[in-house]
Amino acid sequence: MQLTRRSFLKLTGATAAAATLAGVGLNKASASTIDPLRIKYTKEYTTICTFCGVGCGVVCHVRDGVIVNAEGDPDHPINEGTLCSKGSSHYNISYVYDEKGKPKPNPNRLTHVLYRAPGSSSYETKNWDWALDTIARRIKDTRDQNYVESVNVNGRQVTVNRTEAISWLGSAFCTDEENYLFHKMARAMGVINIDHCARL
Amino acid sequence: MIILPYKNYREEIDRCIRLYGNFREAVPFIEKVFAVLNEYILENPIEIAAPLDEMKTYETLQKGQSLNCNPPLNSSAVIGMLKKVGVAIKETNTSLKNNMKVLEEAGERFLTENPDKMGKKEFMELRDELVKENVLEQDMATFIFSIVLSSFYRQYLQPVNEVLRTDIWEGGDCPLCGEKPHFGMLRSSDGAKQLECWLCGTRWVYSRVKCPYCGNEEREELGYFSVEGMETCRVYFCRQCCQYYKIFDGSKLNMDGAEILTIHNLATLTHDLLARREGFSPGSGLEWINQSEIVDRHD
């Protein structure tokens with residue numbers, strides 16, 4: 001049955017003021033006493049755990065650009081919300097606790113490039129541009145100096161287009177997608193010694 | 001078979017008192033209302049829903065369509081319960097006597113004009129009329145009508161709800177009745193976000209980082225806020241559609257699956273007010289805050 005917009009009420013001024021929940025004790029006014037600073041805005045980001053090759057999903061809680069908590073991603077098909085003891089401690093990559101149990105920035109966390117020159121006993125700080133240029137230069141030089149186009153197999157020249165002077169070690173700290181790209185890149189350069197650290 | 005949707009309300013109220021300090025003041029009223037609801041249900045049992053065709057249900061949900069079960073409700077039963085709640089309100093605060101009298105009269109008039117079964121929409125229209133005519137403020141109207149209608153829906157649909165395959169449902173609205181949720185919880189066992197339909201009580205797991213109202217998955221536009229000292233309740237929001245819903249942290253409730261989130265919602269109306277003041281509106285369409293209470297805190 002379709003009702004029209006008719007008034008059910010024929011009020012005769014019986015109600016001076018409308019009934020509110022405050023009248024029965026459900027007073028929201030206490031909100032006005034809450035200092036705006038006590039409201040904490042947080043964002044949730046999903047990511048992949050960097051500790052091993054399982055690739056568990058993690059939800060990181062970030063407040064003002066700083067990670068405040070990490071928990072297993074319940075929507076992730078691999079771990080379904082769980083995390084191992086290492087994964088659960090993601091927060092401690094960024095923060096450790098002082099003597100009083102208060103979090104402080106982890107002093108062992110690398111936040112810039114450290115370089116130890118051949119023969120040197122100490123590290124020096126470098127920037128990322130220098131680091132990437134140097135790595136690229138050395139890979140290219142090593143590859144070019146040791147590139148083999150063909151080898152003799154039973155008296156027959158066989159094209160191989162490879163270098164045996166470089167080996168590539170993948171990382172469980174990288175995502176599947178990153179490792180896929182690294183693998184492609186290594187193959188494109190002619191690297192044939194490719195391995196991965198994960199053993200599960 | 002009689003189904004009491006809010007059977008263990010006393011335990012839940014105790015839990016809410018422990019979790020939310022400012023709820024204590026409302027306890028006598030809340031206890032009275034839930035006692036009245038249970039009493040009414042026991043005295044006036046209703047016919048419960050027949051089982052749904054399992055295959056058809058499965059196919060509908062898999063297509064991403066809600067079952068949209070919106071049973072017509074017996075007008076006299078709903079108005080009867082409405083009156084009972086009105087009496088509880090009147091007994092809590094005698095100054096609301098006149099308002100409750102008008103509510104009762106409006107109910108009688110509604111019953112005279114609609115003696116048979118009516119849908120949810122018609123009762124919601126009655127609610128809007130009462131607000132328009134200044135008998136009830138928006139918050140009180142939302143409270144009375146949501147608690148009464150949900151009592152009937154939860155009784156009627158519980159047998160269906162229990163066998164519903166919510167695991168295949170990925171939508172943001174209720175798979176059973178199609179309503180939009182206002183609250184939910186993080187399941188303590190795995191942290192999954194379970195939304196709960198405020199109307200029929202169906203719970204379903206929804207993606208942790210996704211807006212149930214507009215489907216937005218952009219992390220930068222999604223988030224939640226909590227209030228220091230009251231971290232059990234989080235207000236999740238979406239900056240694309242500017243809507244919010246409340247999520248209760250199940251790990252702090254220690255009662256997976258048996259919580260009465262309706263009571264937790266009532267105990268945290270402060271969060272609704274804060275959300276409104278922060279510029280978000282309820283995605284459920286349930287307005288728990290009166291216009292006069294929304295003051296921009298930045299002013």
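The values are calculated or read from the model by the stated rules, or taken from the named source; none is laboratory data. Just so it is clear, the model here is predicted, and its values are computed rather than measured. Ideal geometry is used to build each Cβ from the backbone, glycine not excepted, and the neighbour counts take in all protein chains shown.
What the table shows:
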item: Qualifying residue in the stretch B:137-146 (condition: of a type in the set (D, E), closer than 21 Å to B:N99 by Cα, buried (at least 20 other Cβ atoms within 10 Å of the Cβ) and in contact (Cβ under 8 Å) with a residue 40 or more places away in the chain); result: yes
item: The lone exception for A:D73 - which of (1) buried (at least 17 other Cβ atoms within 10 Å of the Cβ); (2) more than 9 Å from every other protein chain (Cβ to nearest Cβ); (3) closer than 26 Å to A:Y180 by Cβ it fails; result: (2)
item: Test set (1) within 14 Å of another protein chain (Cβ to nearest Cβ); (2) outside any helix (DSSP H, G or I); (3) surrounded by 15 or more Cβ atoms within 10 Å (Cβ to Cβ) - B:S66 fails condition number; result: (1)
item: Tally, over the stretch B:27-74, of residues that are hydroxyl-bearing (S, T, Y) and more than 20 Å from the chain's Cα centre (by Cα); result: 3
item: Verdict on B:K117 being in contact with a strand residue (DSSP E or B) (Cβ under 9 Å, 6 or more places away or on another chain), more than 7 Å from chain A (Cβ to nearest Cβ) and within 18 Å of B:V148 (Cα to Cα); result: yes
item: Complete set of residues in the stretch A:2-53 that are at the interface with another protein chain (Cβ under 8 Å from one of its Cβ atoms), closer than 30 Å to A:P74 by Cβ and at pLDDT 85 or above; result: A:I39, A:K40, A:Y41, A:T42, A:K43, A:E44, A:Y45, A:T46
item: Residue that is farthest from the chain's Cα centre (by Cα), among those in the stretch A:137-153 that are of a type in the set (A, V, I, L, M) and either under 15 Å from A:Y115 (Cα atoms) or surrounded by 12 or more Cβ atoms within 10 Å (Cβ to Cβ) (or both); result: A:V148
item: Filtered residues of the stretch B:249-297 (kept if among the aliphatic types (A, V, I, L, M) and modelled with pLDDT of 90 or more); result: B:I260, B:L261, B:I263, B:L266, B:A267, B:L269, B:L273, B:L274, B:A275, B:L286, B:I289
item: Any hit, the stretch B:202-218, residues being assigned to a loop (DSSP other than H, G, I, E, B), crowded, with 22+ Cβ neighbours inside 10 Å, facing another protein chain (nearest Cβ under 9 Å) and in contact (Cβ under 8 Å) with a residue 60 or more places away in the chain; result: no
item: Count of the stretch A:115-136 residues which are under 24 Å from A:A186 (Cα atoms) and either among the charged types (D, E, K, R) or surrounded by 10 or more Cβ atoms within 10 Å (Cβ to Cβ) (or both); result: 9
item: Candidates B:L103, B:L96, filtered to the one that is more than 7 Å from chain A (Cβ to nearest Cβ) and in contact with a Lys or Arg (Cβ under 9 Å, 6 or more places away or on another chain); result: B:L103
item: Condition broken by B:E231, with the remaining ones in (1) surrounded by 18 or more Cβ atoms within 10 Å (Cβ to Cβ); (2) within 11 Å of chain A (Cβ to nearest Cβ); (3) within 26 Å of B:C16 (Cα to Cα) satisfied; result: (1)
item: Scan of the stretch B:5-19 for residues that are within 14 Å of chain A (Cβ to nearest Cβ) and either within 18 Å of B:A77 (Cβ to Cβ) or surrounded by 20 or more Cβ atoms within 10 Å (Cβ to Cβ) (or both), ordered by number; result: B:I13, B:C16
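So that you can scan it fast, the table gives a plain yes or no per residue for (1) of a type in the set (A, V, I, L, M); (2) over 19 Å from B:R208 (Cα atoms); (3) within 17 Å of the chain's Cα centre (by Cα):
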{"site": "A:G53", "(1), (2), (3)": "no, yes, yes"}
{"site": "A:G65", "(1), (2), (3)": "no, yes, yes"}
{"site": "A:G81", "(1), (2), (3)": "no, no, yes"}
{"site": "A:P103", "(1), (2), (3)": "no, yes, no"}
{"site": "A:N108", "(1), (2), (3)": "no, yes, no"}
